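The values are calculated or read from the model by the stated rules, or taken from the named source; none is laboratory data. Because the structure is predicted, anything quoted here is derived from the model rather than measured. Cβ placement follows ideal geometry from the backbone for every residue including glycine, while neighbour counts extend to all protein chains displayed.
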Amino acid sequence: MTWLARPARWHADDVNGPEIHISFAPALGLFVAAPRRSGRSAVVTDGASTLGHVVESLGVPLTEAGRLLVDGRPVTPAHIPAAGEHVEVLGIERPQLVPGAPLRFLLDVHLGTLARRLRLLGVDAAYESEDIGDPALATWSAKERRVMLSRDRGLLRRRELWAGAYVYSDRPDDQLRDVLERFAPPLAPWTRCTACNGPLADADKDAVRGHLEQGTQRTYDVFAQCTECGRVYWRGAHHARLEAIVEDALREFGGAAA
Ligand SMILES: [Zn+2]
């Protein structure tokens with residue numbers, strides 16, 4: 001008798017197991033090969049891998065997969081597909097509820113502008129401008145229960161992540177709208193340091209005088225200071241661009257926070 005070793009992990013090129021049919025929600029089209037973007041397509045699995053692994057192997061990060069249906073019935077990613085099953089992979093429902101509040105984020109090294117804009121709106125957004133590597137980011141996400149935001153699918157596949165989300169655009173304006181729409185975080189503008197993510201506290205003008213230039217001292221009276229890095233903030237005309245970002249966000253996404 002001959003024993004055939006079963007591969008430990010399923011790969012798209014293996015053609016030695018049950019055939020299933022799979023379809024993806026239109027929102028997931030950017031992750032999968034062109035022939036799988038519309039309607040059902042056939043996949044041959046190894047009969048042992050989970051549906052979650054099969055979906056990931058076809059290019060979709062599980063962070064972006066919503067409900068998984070087999071012949072119309074919901075299953076978990078641990079489901080092992082059997083021959084003839086029809087699998088539907090739906091998109092994430094928005095707003096997406098993340099268990100284990102408070103909702104907070106961790107952004108990878110490429111998302112510095114998005115991090116500063118989230119902080120401007122008072123959303124807890126950890127970010128390190130140095131590239132500390134995927135394992136360290138994943139560990140950080142798990143330790144502080146932060147939703148990992150990234151455009152790196154490899155990072156989003158790491159099992160250690162507390163939670164993760166793919167950032168769909170490379171433009172900061174669209175990235176911000178994407179995150180606010182998807183997670184609907186409560187907004188509290190001007191309460192967080194855009195430089196370090198620390199909370200701001202009201203500051204007395206005399207107490208922060210040493211941080212200010214002469215013109216600033218004469219012109220502005222509203223001050224806040226970061227409780228972690230000591231940076232001083234004031235509102236002035238040069239903040240018009242930031243004011244616009246805040247006003248736009250509050251107009252579109254501020255309702256839930258009020
Ligand atoms: Zn700070």
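Some notes on this structure:
- All of (1) modelled with pLDDT under 95; (2) touching a Gly at 6+ places or on another chain (Cβ under 6 Å) hold for PRO99 with one exception: (2).
- Yes/no for THR113 being out of contact with any strand residue (DSSP E or B) (no Cβ under 6 Å at 6 or more places or on another chain) and touching a residue at least 24 places away in the same chain (Cβ under 8 Å): yes
- Residue within segment 88-98 that is surrounded by fewer than 21 Cβ atoms within 10 Å (Cβ to Cβ), more than 28 Å from VAL246 (Cβ to Cβ) and more than 18 Å from the chain's Cα centre (by Cα) present: yes
- The one condition from (1) basic (Lys, Arg); (2) at pLDDT 75 or above; (3) under 18 Å from ALA82 (Cα atoms) that ARG6 does not meet is (2).
- Only one of GLU228, GLU247 that is surrounded by 10 or more Cβ atoms within 10 Å (Cβ to Cβ), outside any strand (DSSP E or B), at pLDDT 75 or above and within 16 Å of the ligand (Cβ to nearest atom): GLU228
- Some residue of segment 75-86 being in contact with a helix residue (DSSP H, G or I) (Cβ under 7 Å, 6 or more places away or on another chain), in contact (Cβ under 8 Å) with a residue 24 or more places away in the chain, buried (at least 19 other Cβ atoms within 10 Å of the Cβ) and in a loop (DSSP other than H, G, I, E, B): yes
- Given (1) without any contact (Cβ under 8 Å) to a residue 40 or more places away in the chain; (2) surrounded by fewer than 18 Cβ atoms within 10 Å (Cβ to Cβ), index of the condition VAL60 fails: (2)
- Enumeration of residues in segment 11-69 that are within 20 Å of SER150 (Cα to Cα) and assigned to a loop (DSSP other than H, G, I, E, B): VAL32, LEU58, GLY59, VAL60, PRO61
- Close contacts from segment 173-198, counting a first residue that is closer than 19 Å to PRO99 by Cα and a second that is part of a loop (DSSP other than H, G, I, E, B) and of a type in the set (D, E, K, R), with Cβ to Cβ under 9 Å and a gap of 6+ residues or different chains, come to GLU181/ARG94; ARG182/ARG94; PHE183/ARG94; ALA184/ARG94; PRO185/ARG104; PRO185/ASP124.
- Filter result (acidic (Asp, Glu) and touching a Phe, Trp or Tyr at 6+ places or on another chain (Cβ under 6 Å)) within segment 162-197: ASP178
- For SER141, the criteria (1) modelled with pLDDT of 95 or more; (2) at positive phi hold in every case but one, which is (2).
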